[in-house]
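Peer 1: Structure in C-alpha cells, see below.
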Amino acid sequence: MKRSPALLPRGLAAAAVCAVWALSAASAASAATGATLPPAAPSVPVTDTMHGVAVNDPYRNLEDVKNPQTRQWLDAQGAYATEQLARIDGRDTLARRIEALSRDAGDLVREVTRMPGGHLFYLKRPAGQSQFMLVMRTSLRGAERVLVDPQALARKTGIPHAINYFAPSWDGRTLAYGISAGGSEDASLHLMDTASGKALRSPIERVPEGSLHWTPEGRYLAFTRLRALPPGAPETETYMDTSVLLLDRARPRRSPRPLFGPLVNPGLRLDRLDVGEVTFVPGSRHMIARTTDTTVPEGKLFVAPVSALRTASGKRPVPWRAIAGPSDKITALQLRGDTLYLRTYAGAPRGRVLALDLRQPDLARAVELVPEPAKGVLQGFDLGREALYAEVLEGFNTRVLRYPLAATVAAPGAGAGAGSGVDVAPDLPGSTFLLPDAAHAFHDVLVGTSSWTAPSRIHLVRADGTRRDTGLRNNPMPPGAPEVEVTETLVPSHDGALVPLAVLHRKGLVLDGSNPTLLVGYGSYGHTIEARFDPRSLAWFERGGVLALANPRGSGAFGDPWYRAGFKATKSNTWKDGIACARWLVDKRYASPATLGIWGTSAGGIFVGRAVTSAPDLFAAAIFDVGVMDAVRAEDSANGITNISEFGSVKNASEFPALLEMSTYHHIEPGTAYPAVLLIHGLNDPRVEVWNSAKAAARLQASSTSGKPVLLRLDSQAGHGIGSTAQQGVSKLADIYAFLLWQFGKTTATP
C-alpha cells in the first residue's frame, strides 16, 4: 500500500496551518502561471483510526455543502473555473463547432419501445432543441405525436426538466412517466391519458427509478417508491425499506396499495436494501418479484400467481415463492407464459440463458437454452413471438443472434439447448443491438446499429432475414466531417493481462508524439465501452486529436472474471490497466506526456484519479468528471451505501485496505507535481456527492507544485449528467477540449 500522507493535528490551529499551506502552494502555482489565485479552501482536519490505520482528512468540513462557508467557497471556485475556461483562446469557436456538429447530425432518438398492436413510444430530441421529448406513433409508418415536452416546464420555471423513464400500458391508452428537475433525478411519477393528453392524477413523489410494470390486462401499474424518511434520518436511509406499490388505472386518484418489499412481506426476510420490482406480461398467469441493491443485478427472485392480486390484503399477503438468490448469479430475466427465461453467469463466466417451468419453479430443473458463447460475452437477451434474441459482445462490438423458440421451449425441463444462434443481420457493420418487444408479440425484431464511424440506424429484421430501414433514425454524417481511422488492439498490462483499447483519429495523422490525445476509461460494475458514434467528437479529430477508449479490468469485456479482476481487493488493476494503455500510447508515438490527457466519469473517477496520483508525470492534464474521489467516506452518502456491494465497506476489516487504496483523495501527496486537472460536477448530483470533487480539488490545489491549474467546474442546474440539456452538454465538452488543448500547448489563454 502507498504510504499515507502525514497526519495533521486536530483543532483550529491545524485549520490555520492548513489554510496557510494551501495559500502558499496556490501562490507558488500562481507565480508560475501568472494567473489569479483560486480561493483557498477552509480546512478543519479530522483524523480517523480505521482498523489500526490513521486516515487523515484535512477537508472533512467540505462535506457539509449547506454550510455557508463551504457554499461560499464552492461558489467562488465555480466562478473562478468559469473565468479561467472562458480565457482559453478558441474555446467559444470549439463550442460553436460542437453545437453545429450536433445540429447537422439530425434528430436524436432513443429508448424505442414497441407495444402490442404496433404502438411505438420513444424519446426524441429534434436537431437544435435542448431536451428529449416523449413521442408516440400508432405504427412504424404512423405520424408522430408529442406526449410530453419537458421544455415547456423549463420555459415555465426557468429550470431544466428531463424525462427519466416511461411505461405505456399494453393497449397504449395510458402512459406512466417520470419527470425530474435540474439534473437531480428526483423524479415524480405522472399518469396520462394518451388520447386526451390529460393527467389522470397528481404526480407521485419519490419514484426515481423506472421499474414500472403493467399487469397483463393493463388495469394496475406496479412501481417502486422510496420511503418517506422521518425528520433527522441520515442520508444512508434513502434507499432502505422501499416498497412496490400497485396503482389502479380505473381509480387512479386512490392511494396505491402495497405489493412487495421488506415492510410489506416480513415473512420473506428481505434485507432493508432489497429494492424490488414486480414484472408481468400479457399471456402469463405469473408475476415475478426481483430485488437488487440498486447497484449489482444479482438479487432475489420470487414468483406468485397474478390472480392473487384480487384477494391480497394486509391480512392475506401475496403468496410469494422463492426461486433464486444472489448466489445463483442471475442478471436478467424475461417472462413468457409458464416459462421464465434467465441470464446467469453461474457455471458460465461469459453468460448463458436458462428456461424454467414456473409450474415447477425449482431452479435445479431449469434447462439451458443458450449456452455460454465459445467466444465473446452474452450480455443480454430478449424474446419475440417465435425466437429468443441474444446480444453477444466481442471486442468493442455486439451482435444480435437469433435462436428459434419452437425448438427450445416445447418441453421445458427436458431436451437439449438451442445450439448456435444465427446473426440476424450479418452484413451490417459494427454493432447490432435489440430494441425491446415488451410483450414478445412480434414475428420480426427491431435492431439498432452502432459503430465508431457511422451514425446509428434502426432496422426491422424479419424472421427470414430480410430487413428494411425504419427511418426512425435517419441521421446524416455532418458535412465536411473528417474521415476517421480506428485501431482496436490489446495492450499488455503490468501483469501481462491484455487490455482492450480502441484508438480513433483523423485518417493520415502523423504519429510523431505531438498529437493531443485523450484516454477514456471506466472499469466498474462490469460496464463495457462499446463502439458508438458521437458526432461531437469530430471537433476533436479536426484539431488533430486522438481519442483512446479502454476497457480495463472491472469492465465486462471478457465476462465475469474480467469484472472480478477489477473489483474490491483487485480494484488496483483498473487504474494500472489505464496506466499501461497510457504508456502504450506514448510508446507508439500517438502522444507524449506533454500531450496526453485522461478522462474518467462517475466510478471512472477511480480509474482517472488513481492513474494520475500513481503516475503524475505520465499526463499533462486530467478530467475528473462527477468522479468518486473519496471512496473511504462514500458509503456515508445516500447512494454510497448501495455501492458497498461493488467497492466494499470501511467497516469491514478485510475490505477497508482496498477502499483506502482506490481513494484518490487519500493519495494526493503534498509537494508533488501533478498534471492540470479539471474537476466537473453538478450541484444536484444524487449519485456521487459534489463534495467528492470539492475535497479533491482543495487537496490538489494545496498540494501540487507543478504550477498547473486545478479547476472546479460546477453547474447549479445539473446533476450526474443524466437529464442535462443539449446546451449543457455542448458547454461541458467545449470546456474539456479547450482545457486539454491549452494544457497540451496547442492554444493559449488570454491574460
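The values are calculated or read from the model by the stated rules, or taken from the named source; none is laboratory data. Bear in mind the structure is a predicted one, so any value in this text is a computation, not a measurement. Counting neighbours? That spans all protein chains shown, and the Cβs are built from the backbone with ideal geometry, glycine included.
Peer 1: I need the full set of residues from the range 504-543 which are touching a residue at least 40 places away in the same chain (Cβ under 8 Å), farther than 30 Å from L378 by Cβ and in a loop (DSSP other than H, G, I, E, B), in order please.
Peer 2: Within the range 504-543, L511, D512, G513, S514, N515, P516, R543 qualify.
Peer 1: Follow-up. I need the full set of residues from the range 247-288 which are in a strand (DSSP E or B) and touching a helix residue (DSSP H, G or I) at 6+ places or on another chain (Cβ under 7 Å), in order please.
Peer 2: Result: H286, M287.
Peer 1: So in the range 315-369, with the set limited to residues that are of a type in the set (S, T, Y) and either in contact with a Leu (Cβ under 8 Å, 6 or more places away or on another chain) or more than 29 Å from G554 (Cα to Cα) (or both), which one is surrounded by the most Cβ atoms within 10 Å (Cβ to Cβ)?
Peer 2: Y341
Peer 1: Then there's this: Of all residues in the range 435-453, how many are assigned to a loop (DSSP other than H, G, I, E, B) and under 23 Å from the mean Cα position of the chain (by Cα)?
Peer 2: 5
Peer 1: Among the numbered criteria (1) in a loop (DSSP other than H, G, I, E, B); (2) out of contact with any helix residue (DSSP H, G or I) (no Cβ under 6 Å at 6 or more places or on another chain); (3) under 26 Å from L401 (Cβ atoms); (4) of a type outside the set (S, T, N, Q), which single criterion is violated by P476?
Peer 2: Among (1) in a loop (DSSP other than H, G, I, E, B); (2) out of contact with any helix residue (DSSP H, G or I) (no Cβ under 6 Å at 6 or more places or on another chain); (3) under 26 Å from L401 (Cβ atoms); (4) of a type outside the set (S, T, N, Q), P476 violates only (3).
Peer 1: Oh, and also: Which of the strands (runs of 3 or more DSSP E) found entirely inside the range 151-203 contain at least 3 residues meeting this: in contact with a strand residue (DSSP E or B) (Cβ under 9 Å, 6 or more places away or on another chain), more than 19 Å from S724 (Cβ to Cβ) and in the same structural domain as M136 (by TED's automatic domain parsing)? Show your work before the answer.
Peer 2: Numbers: elements: 161-168, 174-181, 188-193.
Result: 174-181, 188-193.
Peer 1: Right, here's the next one. Looking at A143, A127, which one is in contact with a helix residue (DSSP H, G or I) (Cβ under 6 Å, 6 or more places away or on another chain), among the hydrophobic types (A, V, I, L, M, F, W, C) and farther than 30 Å from A696 by Cα?
Peer 2: It is A127.
Peer 1: Only residues that are crowded, with 18+ Cβ neighbours inside 10 Å and either of a type in the set (D, E, K, R) or assigned to a strand (DSSP E or B) (or both): list them for the range 485-503, please.
Peer 2: V491, V499, P500, L501, A502, V503
Peer 1: What number of residues within the range 304-314 are over 15 Å from L245 (Cα atoms) and buried (at least 19 other Cβ atoms within 10 Å of the Cβ)?
Peer 2: Here the count works out to 1.
Peer 1: Okay, next question. Among the β-branched types (V, I, T), part of a helix (DSSP H, G or I) and within 28 Å of V296 (Cα to Cα): does that describe I644?
Peer 2: Numbers: among the β-branched types (V, I, T): yes; part of a helix (DSSP H, G or I): yes; within 28 Å of V296 (Cα to Cα): yes.
Against the criterion (among the β-branched types (V, I, T), part of a helix (DSSP H, G or I) and within 28 Å of V296 (Cα to Cα)), I644 qualifies.
Peer 1: Of (1) surrounded by fewer than 20 Cβ atoms within 10 Å (Cβ to Cβ); (2) more than 23 Å from the chain's Cα centre (by Cα); (3) in the same structural domain as A738 (by TED's automatic domain parsing); (4) of a type outside the set (D, E, K, R), N515 satisfies all except one. Which?
Peer 2: For N515, the failing item is (1).
Peer 1: Filter the range 664-694 for residues that are small (G, A, S) and assigned to a loop (DSSP other than H, G, I, E, B); which is surrounded by the most Cβ atoms within 10 Å (Cβ to Cβ)?
Peer 2: Among them, the one singled out is A673.
Peer 1: Can I ask one more? Scan the range 381-396 for residues that are surrounded by fewer than 20 Cβ atoms within 10 Å (Cβ to Cβ) and part of a strand (DSSP E or B) and report the count.
Peer 2: 1
Peer 1: If you don't mind, another one. Taking the options L270, L263, name whichever one is buried (at least 21 other Cβ atoms within 10 Å of the Cβ), outside the structural domain of N639 (by TED's automatic domain parsing) and over 30 Å from T725 (Cβ atoms).
Peer 2: Testing whether each residue is buried (at least 21 other Cβ atoms within 10 Å of the Cβ), outside the structural domain of N639 (by TED's automatic domain parsing) and over 30 Å from T725 (Cβ atoms) leaves just L270.
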